[in-house]
Amino acid sequence: MALPCGENPSDLCEDWACQSRVTRLKPFFVVGTRPEIVKMAPVIHECERRDIDLFLLHTGQHYSDIMSQMFFRDMGLREPDKNLNIGSGSHSEQTAKALVGIEKELLRVDPDVVLVLGDTNAVLSAALAAIKVGIPVGHVEAGLRSYDLRMPEEHNRRLTDHMSEFLFAPTERSADTLRREHVWGKVFVTGNTVIDALEGLIQKVAGRRTVADELGLTDFALLTLHRPENVDDESVLSGLIRGLVELDTEILFPAHPRTVSRLKEFNLVEEIERNDKFHLVEPTGYLEFLALMKSCMFVLTDSGGIQEEVTAPSINKRAFVLRTSTERPEA
């Protein structure tokens with residue numbers, strides 16, 4: 001990942017030391033979801049390799065502790081220094097709990113900079129907490145826009161960009177967006193850390209046995225669904241499932257726990273199970289999911305992160321986006 005004044009975190013340290021008048025960089029990383037863990041891992045590993053003292057906070061907003069532990073393990077990350085365990089809840093509940101918890105840790109740890117990635121409630125909470133106590137914010141994956149103001153994430157990413165002192169845009173397009181919006185922070189084009197994450201792991205998945213192998217699937221489509229606009233509305237979710245059931249291909253669906261609860265609530269599990277080509281399975285770890293993306297024919301997803309992963313050079317598969325808009329048109 002390219003960083004300010006060069007191509008590594010040591011240059012980032014020098015830049016922050018100069019601009020923030022600190023003599024030793026002490027970054028405070030905040031993660032809360034699978035994409036944040038995956039994409040922030042290369043930056044954390046590089047900091048550790050360079051013996052940079054860092055603090056890692058996990059908001060614990062995964063719906064499953066097991067899923068969270070799998071992602072930390074698969075990415076080779078140590079246990080977080082602090083887990084807020086805020087769990088599920090409404091957007092307001094998650095944001096408020098994270099805001100209070102993060103502020104307490106910031107006051108205790110007294111870091112030089114807070115690093116966040118993406119557009120989740122954890123990101124907004126961390127940025128708000130940091131600026132309230134006078135700590136600079138660095139936003140990785142800055143400048144992404146879907147221009148769909150119905151999405152809570154669109155508001156999160158816009159607000160965070162305008163609170164951040166350091167904006168790490170993955171592409172020139174996203175950097176141009178930030179400049180057009182006249183953000184006050186300094187903009188850097190860094191590339192996408194998901195590429196670093198994939199390149200570091202893709203060799204590990206070669207020959208890895210997956211749930212597809214256990215089911216005897218060779219030619220199959222890989223499906224993920226988790227966005228509220230797709231899974232919380234019964235008519236939308238029913239329409240998606242019934243349309244997918246009609247496809248003349250094997251579909252493997254590692255379903256998020258929240259999605260499974262909606263499928264049960266809307267009586268759609270039975271409809272899926274009646275179709276021999278539709279395979280509803282437990283969520284997988286990150287390495288197994290990479291192996292599934294490598295071996296599938298194509299991906300059907302509403303995940304922005306998966307859009308980037310599946311079209312990356314090391315995987316290079318087609319993605320059919322189950323959304324009306326995306327903040328990642330380059331993927």
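Sorted from fewest to most neighbouring beta carbons within 10 Å, what does the list Met293, Met70 look like?
Details: Met293 25, Met70 21.
So the ranking, lowest neighbour count to highest, is Met70, Met293.
Checking every one of the trypsin sites (Lys or Arg not before Pro) in region 25-117 against DSSP loop status and a limit of 11 other Cβ atoms within 10 Å picks out Arg78. Note on Lys132: lysines with a C-alpha under 30 Å away, same-chain residues under 8 apart excluded, are Lys26, Lys39, Lys82, Lys97, Lys104, Lys186.
Available extension along the chain between Asp232 and Glu93 is 48.3 nm, counting 0.36 nm per residue and deducting the alpha carbon span.
If a/c stays under 1.5 just call it rounded; otherwise compare a/b with b/c (prolate if a/b is bigger, oblate if not). Do that for region 9-191, with a ≥ b ≥ c from the square roots of the Cα gyration tensor eigenvalues. Provide the component values of the computation, followed by the final result.
Details: a/c = 1.38, a/b = 1.07, b/c = 1.29.
Note, shape of region 9-191 comes out rounded.
Summary of the geometry: region 210-273 and region 301-328, compared by the centres of their Cα atoms, lie 17 Å apart. Each of Lys277 and Lys317 was given a label point 7 Å from its Cα along the Cα-to-Cβ line. The distance between the two points is 1.7 nm.
Let me know the shape class of region 93-182, please: from the alpha-carbon gyration tensor, a ≥ b ≥ c as square roots of the eigenvalues, rounded when a/c is under 1.5, otherwise prolate if a/b is greater than b/c, or oblate. Numbers along the way, then the final one.
Numbers: a/c = 2.65, a/b = 1.49, b/c = 1.78.
Oblate shape, in that a/c is at least 1.5 and b/c is the bigger or equal ratio.
Counting only DSSP H runs of at least 4 residues, each contributing -39500 (n - 2.57), and dividing by the residue count of the chain, the helix-based mean residue ellipticity at 222 nm comes to -13500 deg cm²/dmol.
Put a plus charge on the Cβ of each Lys and Arg, a minus charge on the Cβ of each Asp and Glu, and nothing anywhere else: the dipole of the chain about its Cα centre is then about 480 debye.
Counting pairs of Cα atoms in region 207-321, how many percent are more than 16 Å apart?
Values: 3746 of 6555 pairs.
I get 57 percent for the Cα pairs in region 207-321 exceeding 16 Å.
Bear in mind these aren't lab numbers, they're just calculated from the coordinates by the rules spelled out. Model, not experiment: these values are computed from the prediction. Ideal geometry is used to build each Cβ from the backbone, glycine not excepted, and the neighbour counts take in all protein chains shown.
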